[in-house]
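Encoded as structure tokens, the structure appears first; notes follow it.
The values are calculated or read from the model by the stated rules, or taken from the named source; none is laboratory data. Since the structure is predicted, the reported quantities are computational estimates derived from the model, not experimental observations. Note: ideal-geometry Cβ built from the backbone for every residue, glycine included; neighbour counts use all protein chains shown. These accessible areas exclude ligands, DNA and RNA; they are computed on the full protein's heavy atoms, side chains included. Shrake-Rupley method; radii C 1.70, N 1.55, O 1.52, S 1.80 Å.
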Amino acid sequence: MSINKRKVQLWLIDTILFAIIYYIMAFTSGMKIYSITVHGEYSFIKALMLYVCIMIARMIVKTYGSIWRYASVVSYLKLMLADAVGGIVYMVIAYFNPSINLGIAYSVVTVMAVMLATLGIRFCYQFSYAYKNKTVESRMNSKEDEEEIHKIDVAIVGAGNIGASLAEELKRNPNSHYNPYCFIDKDLDKIGNNINGLPVFPENDSIIERIKKLPIQEIIVAIPDASPEEKRRLYELYKQTECKVKIYSYPLEENQEYGDKRTLREFKIEDLLFRKSLKINGTETEKFYDDKTVLVTGGGGSIGSELCRQIASMNPKKLIILDIYENNAYEIQQELIRKYAGQLNLNTVIASVRDIKRMEEIFRTERPDIVFHAAAHKHVPLMENSGCEAIKNNVMGTYNVANLAEKYGVQKMLLISTDKAVNPTNIMGASKRLCEMVLQCRANSKTEFTAVRFGNVLGSNGSVIPLFKKQIAAGGPITLTDKRIIRYFMTIPEAVGLVLETGAMAHNGELFVLDMGKPVKILDLAENMIRLSGLKPYEDIDIIEVGLRPGEKLYEELLMKTEELDKTSNDLIFIERDTPLSREEVDEKLEILLDAVEKEGKENVLAAIRKTVPTFQSPEDANKKADESSEMNRVYNSEEE
């Protein structure tokens with residue numbers, strides 16, 4: 001049954017119930033039928049007025065949006081509140097219009113009777129549904145030819161509203177494989193009592209041994225507002241029971257990955273090691289992209305595809321996905337077609353940003369209002385060995401897109417940059433710093449150019465997490481370039497949400513940096529991923545060092561140096577005060593780079609980069625100073641404390 005049809009049926013039932021209760025009250029008060037229908041204390045007009053007040057109040061609190069077979073105490077309280085408010089509003093109106101006034105006594109009694117009858121109907125429906133499910137379950141289990149559902153006894157950590165509703169849901173669902181056995185909580189007011197018929201045990205020093213003596217096979221953490229530190233503590237604590245530990249993700253704390261679904265799932269590395277995903281305030285951002293034609297270069301990549309997902313939800317006039325790699329472009333295209341079913345004006349084009357003629361054809365045809373430039377070669381070791389490609393694709397590709405954006409009147413172009421552009425030690429990082437220069441020199445353009453810097457994103461193509469997963473699945477070992485290495489991380493939806501917000505607020509020539517939080521030790525990441533797989537580091541899976549790769553340094557520069565940054569309306573987005581070069585100066589640098597590309601060879605490219613990027617340094621020099629860096633001290637000194 002569709003949601004709208006269910007709402008209409010529920011509304012009709014409530015309307016009939018209201019009429020029955022109202023006229024029962026009238027008859028019991030001794031009123032004649034003529035008086036009830038035309039005038040008198042219980043006339044039709046008075047009934048209609050009271051009915052309208054109550055129904056409007058119920059709709060305001062979205063009573064008819066509840067699924068009553070799963071209703072919680074909150075749903076019942078909302079219904080009571082709506083009826084009470086509706087009754088009060090009616091009495092206020094009736095006070096100034098005596099012709100529709102039932103009188104305070106009759107009004108209160110009638111509202112109470114309607115409220116109690118409605119609550120009774122809802123409760124009976126919920127009870128009958130639960131009883132029906134138990135009956136179905138009993139029949140299923142009694143059939144010899146049916147496979148009996150194996151129930152797993154579980155302990156729920158967190159005896160709050162979320163934990164209690166989870167326990168009730170698991171009890172009601174006849175197909176659930178989980179049987180709630182007990183709660184575990186720190187709240188002294190709950191310990192020793194029963195919630196939904198389940199005992200509440202204290203989380204104390206003896207809880208591990210206690211669980212081992214009980215028939216519990218899995219433990220579910222149901223604390224939606226727990227910080228990553230608290231989640232890590234709970235995971236490591238209850239893993240000692242040798243039970244499987246899961247987490248109940250609630251819509252209030254989930255990101256776009258799970259949408260509005262409540263999810264019972266395995267712990268992820270993001271739960272244990274990184275800060276809580278941040279909610280992006282998208283109201284103003286959505287207005288900016290509404291009814292705009294948006295082009296995303298590199299739209300099939302990790303960042304580009306997420307940009308396309310989030311932009312698609314903001315009602316753009318048209319979304320253009322541009323990528324040279326057809327498989328990635330096809331995947332995001334099909335995903336958006338399935339999700340929006342013809343409601344999204346979508347075009348997918350295969351092209352290289354290096355091909356100026358092809359790009360001009362696209363700009364001339366599509367006339368984008370906004371361009372997100374995410375197309376780039378990003379792998380550090382590969383670009384060390386293919387430096388000419390980094391220059392041609394990253395730098396010259398950005399130059400091509402920027403020129404076309406100006407030529408065809410693009411409103412705003414935003415470059416996706418990287419923390420590796422800060423004091424770069426490799427060709428890839430230096431090429432991205434040059435991309436920033438290409439945009440920053442256009443401060444006097446009618447097109448607004450801006451760039452956004454951030455660090456690694458979790459789960460992106462080529463990131464360490466997919467690599468570590470493959471190595472663990474293969475039985476190890478996990479390979480680290482250096483056990484001291486640290487990196488900044490952010491989830492893909494969070495990074496893209498901030499990028500979109502930045503695009504909406506940006507003005508010409510600005511260079512934005514995102515607050516990436518605290519740097520993370522890659523060694524910690526590896527160890528936690530092994531534990532999440534149910535294995536022990538250095539026993540089941542070894543971790544070995546293989547040496548730093550070409551161009552790699554132990555740390556990335558700290559992005560957030562507040563004395564050098566300007567604040568924005570978002571506490572996670574800052575503007576770096578950086579004096580841009582003139583167009584002539586940038587053009588001179590591009591000539592030097594193009595000359596190096598013509599000559600080919602890594603040494604020629606490195607020589608050109610040293611001339612064009614003043615902050616470039618060798619990775620050896622940077623790593624010698626690693627122990628003195630604020631980034632390394634921030635991580636290792638906090639551990640000692």
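Considering (1) hydroxyl-bearing (S, T, Y); (2) farther than 18 Å from I269 by Cα; (3) in contact (Cβ under 8 Å) with a residue 60 or more places away in the chain, the lone condition that T491 does not fulfil carries the number (2).
Where strands (runs of 3 or more DSSP E) fall entirely within region 162-258, those with at least 1 residues that are polar (S, T, N, Q), closer than 30 Å to P493 by Cα and open to solvent by less than 30 Å² (accessible area, probe 1.4 Å) are at 244-249.
Within region 457-493, the residues that satisfy the criterion of being touching a Lys or Arg at 6+ places or on another chain (Cβ under 9 Å) and charged (D, E, K, R) are K483, R484, R487. Please work out if T481 is out of contact with any Ser or Thr (no Cβ under 7 Å at 6 or more places or on another chain) and either touching a residue at least 40 places away in the same chain (Cβ under 8 Å) or among the charged types (D, E, K, R) (or both). Yes; evaluated as a whole, the condition is true for this residue.
The residues in region 148-189 that are farther than 20 Å from L214 by Cα and of a type in the set (D, E, K, R) can be counted, and the count is 6. Across region 387-401, the qualifying residues are those that are of a type in the set (A, V, I, L, M) and touching a His at 6+ places or on another chain (Cβ under 7 Å), and the one among them that is surrounded by the most Cβ atoms within 10 Å (Cβ to Cβ) is A390.
Scanning region 509-538 for residues that are open to solvent by 50 Å² or more (accessible area, probe 1.4 Å) and either of a type in the set (F, W, Y) or touching a helix residue (DSSP H, G or I) at 6+ places or on another chain (Cβ under 6 Å) (or both), we see that the one that is farthest from R442 (Cα to Cα) is Y538.
Yes/no per residue for (1) outside any loop (DSSP other than H, G, I, E, B); (2) at pLDDT 95 or above; (3) within 33 Å of the chain's Cα centre (by Cα); (4) of a type in the set (A, V, I, L, M, F, W, C):
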site	(1), (2), (3), (4)
V349	yes, yes, yes, yes
V353	no, yes, yes, yes
K357	yes, yes, no, no
E360	yes, yes, no, no
F363	yes, yes, yes, yes
P368	no, yes, yes, no
H377	no, no, yes, no
M383	yes, no, yes, yes
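Determine, yes or no, whether E598 is in contact with a strand residue (DSSP E or B) (Cβ under 8 Å, 6 or more places away or on another chain), open to solvent by 20 Å² or more (accessible area, probe 1.4 Å), assigned to a helix (DSSP H, G or I) and not aromatic (F, W, Y). So E598 does not fit the description; no.
For region 7-30, the criterion of being at pLDDT below 70, touching a Gly at 6+ places or on another chain (Cβ under 7 Å) and not in a helix (DSSP H, G or I) is satisfied by no residue at all. Just one of the numbered conditions (1) within 20 Å of E306 (Cα to Cα); (2) at pLDDT below 85; (3) not aromatic (F, W, Y) is not true of M560: (1). Of all positions in region 108-123, none carries a residue that is in a loop (DSSP other than H, G, I, E, B), at pLDDT 75 or above and either among the polar types (S, T, N, Q) or touching a strand residue (DSSP E or B) at 6+ places or on another chain (Cβ under 9 Å) (or both).
If the condition is being free of Cβ contacts under 8 Å to residues at least 24 places away in the same chain and open to solvent by less than 70 Å² (accessible area, probe 1.4 Å), then region 359-386 contributes only S386. Of the residues that make up region 539-552, is at least one open to solvent by 50 Å² or more (accessible area, probe 1.4 Å), without any contact (Cβ under 8 Å) to a residue 24 or more places away in the chain and either farther than 25 Å from I472 by Cβ or part of a loop (DSSP other than H, G, I, E, B) (or both)? Checked region 539-552: at least one residue is open to solvent by 50 Å² or more (accessible area, probe 1.4 Å), without any contact (Cβ under 8 Å) to a residue 24 or more places away in the chain and either farther than 25 Å from I472 by Cβ or part of a loop (DSSP other than H, G, I, E, B) (or both).
On inspection, S569 passes the criterion of being within 25 Å of the chain's Cα centre (by Cα), under 28 Å from V457 (Cα atoms), open to solvent by 80 Å² or more (accessible area, probe 1.4 Å) and not basic (K, R).
Inside region 302-326, residues that are open to solvent by less than 80 Å² (accessible area, probe 1.4 Å) and either free of Cβ contacts under 8 Å to residues at least 40 places away in the same chain or more than 21 Å from R354 (Cα to Cα) (or both) make up a count of 14. Residues in region 312-332 that are over 21 Å from the mean Cα position of the chain (by Cα) and among the polar types (S, T, N, Q): N327, N328.
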